[in-house]
């Protein structure tokens with residue numbers, strides 16, 4: 001009988017937990033190591049200090065979880081709050097709802113720790129998975145397939161052998177750094193000039209004193225202010241988690257909490273009413289100003305024995321809500337984690353990992369770029385007239401090419417058929433829809449299709465503008 | 001009395017040694033730590049396995065050494081072999097000498113270990129510098145200004161305090177990695193698709209059996225073959241150190257030493273005769289295929305207490321021969337390493353380091369780019385007719401603007417005066433001359449001036465070509 005092969009997964013966040021579950025499903029014996037204490041045992045206060053409180057999960061992340069554990073996927077969806085669109089808050093108090101999808105598809109606001117705890121629970125229940133907390137990786141000897149791990153609770157170092165090492169240990173990944181000693185890895189990290197601060201918007205009260213949402217809960221709220229912005233995502237307890245994104249230099253200049261309050265009142269008057277001045281000052285004083293880092297790497301694997309997934313492989317700015325979705329999708333894209341039978345080197349696995357590095361790279365570069373571009377869209381473009389016109393045009397072309405009811409629709413449909421014949425999806429589709437609701441279209445294809453569509457929208461917009469001028473000219477001549 | 005402040009320099013290569021000397025000169029107590037054994041005690045065989053054997057030192061590096069230790073600079077120049085220009089070796093055996101500078105300025109081939117040993121000797125002699133070998137940095141606590149160092153010879157860890165930590169520990173710098181834990185550092189590393197192998201060309205023998213150079217010793221020899229190239233630098237013992245640069249994939253395909261020999265004979269027949277088939281096979285079999293890495297970082301310092309210099313801050317491809325020159329120049333550019341008197345934070349030093357990060361960055365990006373661009377020039381462009389015409393034009397404009405003897409010269413001189421009025425050097429100057437022989441012009445200025453000159457050369461070349469056509473047309477019409 002062939003001995004069961006062992007995988008060590010480093011990092012028990014959502015990506016690490018799902019990797020452990022997926023490997024166990026493929027017959028691996030799995031050990032999952034996490035440097036921090038078990039989040040299930042932490043008080044909510046401590047837990048909430050780790051990363052952002054909630055996040056938007058959408059089709060790609062859900063599909064990945066579903067492929068490993070359909071039950072878990074169902075549970076998350078029940079605890080999530082669907083967000084149908086963006087609610088733009090103008091300075092003058094006007095609200096503007098922009099739906100994400102004309103068919104009503106939603107993204108979902110979910111509690112990060114709830115998602116993580118549930119996946120951790122699933123992993124702990126699996127007979128093939130053993131979970132260790134407060135264990136830090138000191139070093140990895142990839143040639144001899146053994147790593148040195150420090151158990152902080154026992155103050156003890158030990159050697160752990162492995163056949164496969166999966167690094168799901170986040171942006172500042174130790175496994176990535178260890179791999180860089182043996183792999184000629186291209187790597188890049190860049191801090192953008194903006195930072196974020198989390199602010200809590202408490203629940204409002206109805207006539208009977210019950211908690212109610214202070215804003216429409218089925219929207220992702222945005223206060224776009226050109227060089228900075230505020231967003232808010234709903235939580236199950238009727239609170240909102242607000243995140244302020246602004247250039248570090250702007251925040252430095254504000255200095256005191258009083259200045260911050262005045263500045264906040266000028267730019268986000270309605271949000272201030274819902275948050276409350278005292279709460280705002282408390283959060284501004286106590287909550288950290290966190291950096292936004294963007295990292296890229298290539299390749300992601302080493303021989304048949306190591307791979308990095310999720311933020312360890314690609315950290316992106318959070319503006320497309322795709323960071324975690326992409327991390328979970330990574331695992332689906334490793335075509336096969338199936339271990340080979342014995343032998344000094346697992347040729348099948350080596351090929352699978354190598355293929356992953358080659359094929360996944362352009363997708364990861366694409367979504368990293370798209371996420372950065374969406375920041376400009378969110379904090380500024382959404383309020384410009386041209387954006388709104390183009391968005392409308394985008395949606396018209398989308399519905400025309402799908403229905404193909406009118407002759408114009410058929411024309412556009414044929415045009416798009418011409419454009420996307422190389423095994424790619426046909427028809428017109430808004431960029432946001434492709435990124436968020438279509439896991440069947442790779443990020444790279446999304447980016448290319450969007451560029452082509454963008455070109456067409458520009459032409460159509462140009463022709464339309466010209467037609468207006470001609471029509472205007474004729475009218476003017478007639479009146480004279 | 002104010003206590004003498006302590007600097008720890010990590011890495012005893014040329015950059016680290018010069019940093020130690022410079023700091024000692026400014027009144028610091030210096031400890032210099034090196035992970036490897038003392039190179040002065042190593043056999044030449046072992047020493048030669050570390051990095052490349054010789055390198056080209058030019059005005060920037062010499063000026064930096066001179067500013068700290070004029071005696072050392074003089075000694076190096078005596079042991080160096082001046083190279084007046086490039087000697088292009090064509091496949092058909094033709095030779096083509098291209099001078100680096102019309103006034104005969106040279107770059108200098110120098111033994112790396114000799115340079116390193118001499119600077120190390122100087123540092124060891126200084127009463128303010130203590131040198132430690134086989135000491136590896138484990139971690140640095142920048143807040144408390146203390147680092148953990150492992151003494152490999154004694155197998156013992158100890159804590160070393162410092163006021164200033166200087167990282168001169170090369171491309172894979174530990175100090176840079178430690179700084180990245182506390183500094184929001186942008187960082188990038190990229191491996192180019194080419195590797196290099198060193199090959200030794202033995203001395204030839206004259207009629208009386210004395211060693212003589214097999215090639216002209218006062219040139220840097222290049223065999224440009226478009227996608228790959230061979231270069232050779234002279235050594236004092238009449239040998240040449242040859243370096244073959246080629247895409248990894250090409251070298252992979254060659255496989256066996258026999259295939260390599262055949263391939264080498266096809267592309268570098270004259271070099272093969274001078275090296276000898278047996279020597280070539282030996283070197284190909286035993287010498288490593290080394291990668292070429294390009295790194296960038298920003299910022300380079302942390303508060304008043306840490307800075308990275310040389311390859312630790314910027315590794316470039318070796319094609320402009322500027323890697324070490326730039327590293328040594330770094331130290332001159334830190335305006336003041338002078339420690340302040342006491343106080344919790346050294347405000348003056350903090351400002352100096354911060355100013356260095358801000359002002360040096362664009363120079364380092366410029367030279368990294370120029371080095372990469374010069375690879376294409378060296379392995380391909382130097383052989384193209386257009387390059388030769390443009391090079392000639394470049395030199396004509398250079399001599400015209402300097403002499404200003406003819407009316408055309410005055411015109412061009414005035415033109416260039418118009419161009420470079422903002423405190424920058426006036427007149428025309430070939431790119432290579434600026435990079436290599438003019439430490440007074442920063443790399444960034446060099447890059448900008450070169451772009452502007454390039455534009456003018458293109459216009460002049462265009463006008464000249466048009467004039468030829470017109471003249472040709474007139475001649476043709478007359479003959480008819």
Residue identified as at pLDDT 95 or above and closer than 26 Å to residue A:178 by Cα among A:299, A:291: A:299
Give just the number: which of (1) modelled with pLDDT under 95; (2) within 21 Å of residue A:306 (Cβ to Cβ) does residue A:9 not satisfy? (1)
Residue identified as in contact with a strand residue (DSSP E or B) (Cβ under 6 Å, 6 or more places away or on another chain) and outside the structural domain of residue A:54 (by TED's automatic domain parsing) among A:197, A:175: A:197
Filtering the stretch A:280-310 for residues that are touching a residue at least 40 places away in the same chain (Cβ under 8 Å) and either touching a helix residue (DSSP H, G or I) at 6+ places or on another chain (Cβ under 7 Å) or over 24 Å from residue A:247 (Cβ atoms) (or both) leaves a count of 19
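Quick one: is residue A:138 assigned to a loop (DSSP other than H, G, I, E, B), farther than 22 Å from residue A:23 by Cβ, touching a strand residue (DSSP E or B) at 6+ places or on another chain (Cβ under 7 Å) and within 14 Å of chain B (Cβ to nearest Cβ)?
For residue A:138, the condition - assigned to a loop (DSSP other than H, G, I, E, B), farther than 22 Å from residue A:23 by Cβ, touching a strand residue (DSSP E or B) at 6+ places or on another chain (Cβ under 7 Å) and within 14 Å of chain B (Cβ to nearest Cβ) - is not met.
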All positions within the stretch A:285-325 that are surrounded by fewer than 20 Cβ atoms within 10 Å (Cβ to Cβ) and part of a helix (DSSP H, G or I): A:285, A:286
Consider residue B:227 against the criteria (1) at pLDDT 95 or above; (2) away from chain A (no Cβ under 14 Å): it satisfies all of them except one. Which criterion is unmet? (1)
When residues of the stretch B:186-207 are filtered for being facing chain A (nearest Cβ under 8 Å) and surrounded by fewer than 20 Cβ atoms within 10 Å (Cβ to Cβ), how many remain? 5
Go over the candidates A:181, A:102 one by one and state the one that is within 13 Å of chain B (Cβ to nearest Cβ), modelled with pLDDT under 95 and surrounded by fewer than 16 Cβ atoms within 10 Å (Cβ to Cβ). A:181
Consider the stretch B:252-291. How many of its residues are within 14 Å of chain A (Cβ to nearest Cβ), over 15 Å from residue B:230 (Cα atoms) and touching a strand residue (DSSP E or B) at 6+ places or on another chain (Cβ under 6 Å)? 1
Do we find that residue A:356 is modelled with pLDDT of 90 or more, in a helix (DSSP H, G or I) and closer than 21 Å to residue A:323 by Cβ in this structure? yes
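Give the residues of the stretch A:97-119 that are farther than 30 Å from residue A:40 by Cβ and without any contact (Cβ under 8 Å) to a residue 60 or more places away in the chain, sorted by residue number.
Within the stretch A:97-119, A:99, A:103, A:104 qualify.
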Restrict the check to the stretch B:148-164 and report whether at least one residue is without any contact (Cβ under 8 Å) to a residue 12 or more places away in the chain and not in a strand (DSSP E or B). yes
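The values are calculated or read from the model by the stated rules, or taken from the named source; none is laboratory data. Predicted, not measured: the structure shown is a model, and the values here were computed from it. Ideal geometry is used to build each Cβ from the backbone, glycine not excepted, and the neighbour counts take in all protein chains shown.
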